[in-house]
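For reference, the structure is listed below as structure tokens.
The values are calculated or read from the model by the stated rules, or taken from the named source; none is laboratory data. These numbers come from a predicted model, not from an experiment. Note: ideal-geometry Cβ built from the backbone for every residue, glycine included; neighbour counts use all protein chains shown.
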Amino acid sequence: MRSPTTFATPGEARESWRTLFYANLIASFIGEIRGDLEGNEGDFGDGVWVQEVINAVEDSFRERRWVSLPLA
């Protein structure tokens, strides 16, 4: 098991998938903050869009109807 401070480095192939997932996720996040990585996993606008889709799914389920995006 990794200590919390070693999650900033990418994982190794012999680690469990859970450890690898979090190690690589955190290493990617830190790399983005430092500017070491060009791409990113998403930005604020992506987060807003995802939240709007989640809200629309909940509204659709509760009201038992189709919901159009963007929400009103």
Can you list residue pairs whose Cβ atoms sit under 6 Å apart, with the first residue in region 50-61 being in the same structural domain as residue 72 (by TED's automatic domain parsing) and the second being hydroxyl-bearing (Ser, Thr, Tyr) and surrounded by 13 or more Cβ atoms within 10 Å (Cβ to Cβ)? Count only pairs 6 or more apart in sequence or on different chains.
none
For region 28-40, state whether one or more residues are modelled with pLDDT of 85 or more and over 18 Å from the mean Cα position of the chain (by Cα).
no
Hits in region 48-72 - residues which are more than 27 Å from residue 24 (Cα to Cα), surrounded by 10 or more Cβ atoms within 10 Å (Cβ to Cβ) and among the polar types (S, T, N, Q):
55, 60
Select from region 19-58 the residues that are among the small types (Gly, Ala, Ser) and under 26 Å from residue 69 (Cβ atoms) and list them in ascending order.
39, 42, 45, 47, 56
Tell me, yes or no, whether region 45-65 has at least one residue that is in contact with a Pro (Cβ under 7 Å, 6 or more places away or on another chain) and at pLDDT 80 or above.
yes
Answer yes or no as to whether residue 11 is modelled with pLDDT under 80, touching a helix residue (DSSP H, G or I) at 6+ places or on another chain (Cβ under 7 Å) and either of a type outside the set (D, E, K, R) or part of a loop (DSSP other than H, G, I, E, B) (or both).
yes
Quick check on my filter: what residues within region 31-47 are exposed (fewer than 11 other Cβ atoms within 10 Å of the Cβ) and either without any contact (Cβ under 8 Å) to a residue 12 or more places away in the chain or not in a loop (DSSP other than H, G, I, E, B) (or both)?
33, 34, 35, 36, 38, 39, 42, 43, 44, 45, 47
